[in-house]
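Q: This is the structure I want to talk about, given as structure tokens.
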There are 2 protein chains.
Amino acid sequence: MLGGIEAGGTKFVCGVGSGPSDLETAQFPTTSPGETIDKVIGFFRRYSVSALGIASFGPVDLDPSSPSYGHITSTPKPEWGGFDLLGEVKRALRVPARLDTDVNGAILGEARWGAARGLQDAVYITIGTGIGGGALVGGRVVHGLVHPEMGHLRFPHDVRDSFPGICPYHGDCFEGLASGPALEQRWGKPARELPADHPAWPLEARYIALGLANLAFALSPRRFLLGGGVMQQPHLFAMIREEFARILAGYVRHRDILDGLDEYIQRPQLDYPGVLGALVLAEHAADIGSAQGSHA
Amino acid sequence: MLGGIEAGGTKFVCGVGSGPSDLETAQFPTTSPGETIDKVIGFFRRYSVSALGIASFGPVDLDPSSPSYGHITSTPKPEWGGFDLLGEVKRALRVPARLDTDVNGAILGEARWGAARGLQDAVYITIGTGIGGGALVGGRVVHGLVHPEMGHLRFPHDVRDSFPGICPYHGDCFEGLASGPALEQRWGKPARELPADHPAWPLEARYIALGLANLAFALSPRRFLLGGGVMQQPHLFAMIREEFARILAGYVRHRDILDGLDEYIQRPQLDYPGVLGALVLAEHAADIGSAQGSHA
């Protein structure tokens, strides 16, 4: 049996199983690293998992040759900066384990069982407390030097929008302009309390569509999946598709974009994409572990 | 022996050999498709090439399942729109052949023999008559739905720059603001005639750095290579690196970015990156041809 952890800033979701049909889960609030990991370890000790995957909030160090491989790096969350998440879990449970970002986990899960099933090139974006994204290219998760930071993409700030943006690093980047906290600060109430005809939404749709356009120009994915709290507004998808078509202006001539935007930009399908993606990571860890004949 | 073609809008460069050390080349101006291809075929008939690669201007159809696979698609160049470049060359020379974009060819060549040698994740950008880019992710060229169109990335238009941009589709996208023709229209003379202390350059460096920042956030490459006519200005690299660091504002914490920008953002090294990348494509074509026992 495989185990998966979605390590989030507010909760850790743990799951065991082989896919969505037999997944058993438990959730623990994210408190101190010691307390949280104790509960996680306790959960997995009740099952005999042979390998474990972790899809974690970040930034995380994904470079196997780095001394801080598997650590949370520069998060502002108290006590979690520098925490050796992968190492702690491996030492306690003594199984092969593999770690990736939460959004890389989500696209892996959705590409195996969900709304990107069978696709080799797809992007998952979460728009909520923050904005982040994970991408598959040719069936593999994009890592590179560190990992993508799609929430910090830059695009034109609407001239009628005087809100300066809230990103402490970049001001009016994607996350600075379009995350849930940005919406709340700009309009004075949380996204879920803004009615569907509020002027917040056309602006939000435009910013999200600009982010997607930049990702389409850089990565050329076959599908975008948009999740997270802000995307719980049902009217937002149609507005984003319309803005996206307007921004591309017919330049990318492919039937999936010209005529198929309902599929090209859509919702994730899985209840626990991160946990399920972590199961895919656990599979990879088990493969490597058995290939090396050790708990690598 | 392998053959490679860099198919450009103004000239076709043909080469035979196994790499930079034994490459023999010939160049033909790009006139009508029939005339140009006749010269190309004539060149390769003088050598007994076993497989051929083509790195072409675009957009091109790279989807092997498409009826227009290997065709130039929607170029404004007279007679070339819809031209079956891959098919014409394969039918005439009867060898396995493979086609990709010119910039994908360039990053393949530079990753094998040039300034990105040994890297699995790198981006090549050309800034000249147009702007385009090719990316390797995990050692493979990014294709996806079509292929990236990095020249059409959107980013903030400097508020002090009243030039509207020249892209017929998007106005002030990357290419619309920062290509050679954009520089010439904005400042009234070609880039090569603008002195190093001209106000054109800080603005140009800022736009290029914004494009690179977006690509870093989307793709997380290990290196950027910047080629093309505009990048022949020797002072421009240092200005771009400085702006890039300012835009990232310390958010991506990796020594290659914090302390290694001279390597992270640099020149291509090869005289003929596209032709050499086409040789890599020819290798792939030969592998597939021999695996299938046919001239696939």
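The values are calculated or read from the model by the stated rules, or taken from the named source; none is laboratory data. Here the structure is a predicted model, which means the values were calculated and not measured. All Cβ positions, even for glycine, are placed from backbone atoms using ideal geometry, and neighbour counts span all protein chains on display.
Q: I need a count of the residues in region A:115-145 that are surrounded by fewer than 24 Cβ atoms within 10 Å (Cβ to Cβ) and touching a residue at least 60 places away in the same chain (Cβ under 8 Å).
A: Of the residues in region A:115-145, 7 are surrounded by fewer than 24 Cβ atoms within 10 Å (Cβ to Cβ) and touching a residue at least 60 places away in the same chain (Cβ under 8 Å).
Q: Take A:V60 and tell me if it is closer than 23 Å to A:I288 by Cα and either crowded, with 21+ Cβ neighbours inside 10 Å or within 14 Å of another protein chain (Cβ to nearest Cβ) (or both). Even if it seems obvious, please write down each step before you answer.
A: Details: closer than 23 Å to A:I288 by Cα: yes; either crowded, with 21+ Cβ neighbours inside 10 Å or within 14 Å of another protein chain (Cβ to nearest Cβ) (or both): yes.
So A:V60 fits the description; yes.
Q: Another question, then. In region B:168-179, which residues are more than 8 Å from chain A (Cβ to nearest Cβ) and part of a loop (DSSP other than H, G, I, E, B)? Break it down into steps so the answer makes sense when it comes.
A: First pass over region B:168-179, keeping only residues more than 8 Å from chain A (Cβ to nearest Cβ): B:168, B:171, B:173-179.
Those that are more than 8 Å from chain A (Cβ to nearest Cβ) and part of a loop (DSSP other than H, G, I, E, B): B:P168, B:C173, B:S179.
Q: Please go through (1) facing chain A (nearest Cβ under 7 Å); (2) part of a strand (DSSP E or B) for B:L136 and return the number of the only condition it doesn't satisfy.
A: The single condition B:L136 does not satisfy is (1).
Q: Next question, about the same structure. For region A:187-202, what are the residues that are surrounded by fewer than 10 Cβ atoms within 10 Å (Cβ to Cβ) and under 18 Å from A:G176 (Cβ atoms)?
A: The one that is surrounded by fewer than 10 Cβ atoms within 10 Å (Cβ to Cβ) and under 18 Å from A:G176 (Cβ atoms): A:G188.
Q: Still on this structure: In region A:190-223, which residues are part of a helix (DSSP H, G or I), more than 9 Å from every other protein chain (Cβ to nearest Cβ), among the small types (G, A, S) and without any contact (Cβ under 8 Å) to a residue 40 or more places away in the chain? Don't jump to the end; show me each part of the working.
A: Going through region A:190-223, the residues part of a helix (DSSP H, G or I) turn out to be A:191-193, A:200-219.
Narrowing further to those that are more than 9 Å from every other protein chain (Cβ to nearest Cβ): A:191-193, A:200-209, A:211-212.
When the remaining residues are screened for being among the small types (G, A, S), the result is A:191, A:200, A:205, A:209, A:211.
Those that are part of a helix (DSSP H, G or I), more than 9 Å from every other protein chain (Cβ to nearest Cβ), among the small types (G, A, S) and without any contact (Cβ under 8 Å) to a residue 40 or more places away in the chain: A:A200, A:A205, A:A209.
Q: Could I ask something else about it? Please go through region A:76-106 and pick out each residue that is more than 19 Å from A:G3 (Cβ to Cβ) and part of a helix (DSSP H, G or I).
A: A:V103 - this is the single residue of region A:76-106 that is more than 19 Å from A:G3 (Cβ to Cβ) and part of a helix (DSSP H, G or I).
Q: Checking the structure you have, find out if any residue of region B:118-132 is farther than 18 Å from B:I265 by Cα, assigned by TED's automatic domain parsing to the domain that holds B:H170 and of a type outside the set (K, R). So that I can check it myself, show each step before the final result.
A: So the first thing to find is which residues in region B:118-132 are farther than 18 Å from B:I265 by Cα, and the list is B:129-130.
Subsequent filtering for residues that are assigned by TED's automatic domain parsing to the domain that holds B:H170 retains B:129-130.
Pick out the ones that are also of a type outside the set (K, R) and you get B:129-130.
Yes - at least one qualifying residue is present in region B:118-132.
Q: Would you pick out the residues in region B:146-167 that are within 7 Å of chain A (Cβ to nearest Cβ), surrounded by 22 or more Cβ atoms within 10 Å (Cβ to Cβ) and of a type outside the set (K, R)? Write out each step before concluding.
A: Restricting attention to region B:146-167, the residues satisfying the condition of being within 7 Å of chain A (Cβ to nearest Cβ) are B:146-150, B:152-157.
So of that shortlist, the ones also surrounded by 22 or more Cβ atoms within 10 Å (Cβ to Cβ) come out as B:146-150, B:152-155.
Passing the criteria: B:V146, B:H147, B:P148, B:E149, B:M150, B:H152, B:L153, B:F155.
Q: Within region A:177-198, can one find any residue that is touching a Gly at 6+ places or on another chain (Cβ under 7 Å) and of a type in the set (S, T, Y)?
A: Yes, there is a match, as at least one residue in region A:177-198 is touching a Gly at 6+ places or on another chain (Cβ under 7 Å) and of a type in the set (S, T, Y).
Q: Are there any pairs with C-beta distances below 8 angstrom linking a residue in region B:272-285 that is closer than 10 Å to B:R98 by Cα to a residue that is of a type in the set (K, R), with the two at least 6 apart or on different chains, and if so which?
A: Once the first residue is closer than 10 Å to B:R98 by Cα and sits in region B:272-285, its partners that are of a type in the set (K, R) give B:V280/B:R112; B:L281/B:R98; B:A282/B:R98; B:H284/B:R98; B:A285/B:R98.
Q: In region A:249-263, is there at least one residue being surrounded by 19 or more Cβ atoms within 10 Å (Cβ to Cβ), of a type outside the set (V, I, T) and away from chain B (no Cβ under 14 Å)?
A: No, there is no match, as no residue in region A:249-263 is surrounded by 19 or more Cβ atoms within 10 Å (Cβ to Cβ), of a type outside the set (V, I, T) and away from chain B (no Cβ under 14 Å).
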